[in-house]
Structure formats: structure tokens, C-alpha cells
Amino acid sequence: MLLLTALGATLVLTAVGRTWAEGVAPGTAGGRIEIAASGSKLTGLPTGMALVAMAAAVAVFAVRGRARLLVGLLTVLAGVGAVAGAVIGRTDTAGLHDLAAAQLGLTSAHAEGITRTGWPWVALAGGLLLLLAGAVTVRFGRNWPAMGSRYEAPTARRAPRPAGDSPADLWKALDRGEDPTG
């Protein structure tokens, strides 16, 4: 699970930093401006979902039982979100038009001759790995070891038993971890 999550999140985070779409925007006086948009400029969904999955990968070892099942389901949802974000970024042209309008300072500017790169497919593959990591957690997570009890909050200690007067009773109290002196 940890390996799948790390690999999936790495693919997604690497892909969203790369160029997903390119085009040109017709400027004023017949000029043309080249526009390039990274995945993070087209959609922030894959980045957020990869970060959620990384947090879940850490949390899965700190929880048990139903909480671990919920962490697995959260990872599945993060994978679905990363896949959806990759599909949105691959097909959406509005982000590129917005970028063209911002660079030209014209609200009516739009990009033309739009071409796509393969980076959305890399993000999609990373999202699928996150989805798989969550499914593995849901299916097998109940049997995984959890952190030891030394990481849990201390519980109320029971009152020490009154020690008897004999030296043997004092030694027995010490063996139990009690302080016979009060």
C-alpha cells in the first residue's frame, strides 16, 4: 500500500508540474502569443488528491479496525479524484483560454491550435495506482499490524494495593511495579 501510494502520488505530482496543453493566442496587431499550461494551471484536483493520499498512507499505520477501513476508502476516493482531474485537464480547453486571456489582458482572448501532451495520461496512471492502494487497504488492511500501545495516550492507573507489613509483601509490590512507600 505504501509503495503504491508513494509511486502514484509521485506520478501525479510530477505530471501536474509539466505542460499538458499548448496553443497560440491571436494578439493585437496580428501578433500571436504562444500559450502553454501545466496540469496544475488547468486543474488543481490531482495535486490535492495526491496530497490527501500521501497523508492517508501515513495515517494507515496509526489506526486500526474501522478507522483503517475509512483511511482506505479515503485513498480510493483520492485516486478517483486524481483520475477525474487528469481527465478534466486532458479534455478541458477553458483553462487554456483563461490563460490566454490573462496573458493578453483581454477577456475575449482564446487559444487556437491546441495540442495536448502525454502528461495527463501519467497523472491518470498515478491516480489509478492511488485507487489500487486504497482498494488494497480496504481489502487487507484489517490484518496489518498497527503502531504499538506505547504511542497511545496513557490511561488512568489503578490505585496501588496497600503493602503488607512483611518484607515479602514489599518485594511483591515492587515486582508488580507499585511503589510500596506510597
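The values are calculated or read from the model by the stated rules, or taken from the named source; none is laboratory data. What you see is a predicted model, and the numbers here were worked out from it, not measured in a lab. Glycine gets a Cβ as well: all are built from the backbone with ideal geometry, and neighbour counts include every protein chain shown. The protein model used for the area step is the full one, side chains on, heavy atoms only, and it has no ligands, DNA or RNA in it. Shrake-Rupley method; radii C 1.70, N 1.55, O 1.52, S 1.80 Å.
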Between VAL58 and LYS172, Cβ-based FRET efficiency (R0 45 Å, step 0.05) works out to 0.55
One finds, for TRP144 and LEU51 with R0 = 35 angstrom and r their Cβ-Cβ distance, a FRET efficiency to the nearest 0.05 of 0.95
Applying the span-like rule to the chain (DSSP H, Cα extent along axis at least 30 Å, Kyte-Doolittle mean at least 0.0) gives 65-91, 119-140
Expressed per residue, the solvent accessible area of the range 1-114 in Å² (1.4 Å probe) is about 49
Sorted list, accessible surface of protein heavy atoms, 1.4 Å probe, largest first, for SER108, SER166, SER38 is SER108, SER166, SER38
With bins of 10 Å, the percent of all Cα-Cα pairs of the range 53-100 per bin from 0 is 25, 33, 20, 16, 5, 0
Plugging the Cβ-Cβ distance of THR10 and ARG32 into 1/(1 + (r/R0)^6) at R0 = 35 Å yields, to the nearest 0.05, a FRET efficiency of 0.45
When every protein chain stays in place and a 1.4 Å probe is rolled, LEU4, LEU106 sorted by accessible area with the largest first are LEU106, LEU4
Quick calc: nm separation of the 7 Å Cα→Cβ label points for THR181 and LEU106 -> 8.8
In cubic angstrom per residue, the convex hull of the range 1-79 built on its Cα atoms measures 71
The local net charge around ARG68, scoring Lys/Arg +1 and Asp/Glu -1 for residues other than ARG68 whose Cβ lies under 13 Å from its Cβ, equals +4
For the range 56-137, one quarter of the surface area of the C-alpha convex hull, expressed in nm², comes to 6.8
Answer in debye to the nearest 20: the dipole magnitude of the chain about its Cα centre, from +1 Lys/Arg and -1 Asp/Glu charges placed on Cβ, is 500
Mean separation of Cα contacts under 8 Å (at least 6 apart) over the residue count of the range 1-104, i.e. the relative contact order in percent, is 32
Per the charge dipole of the chain (beta-carbon charges, Lys/Arg positive, Asp/Glu negative, Cα centre), the residue among PRO46, THR14, PHE61 reaching farthest to the positive end is PHE61
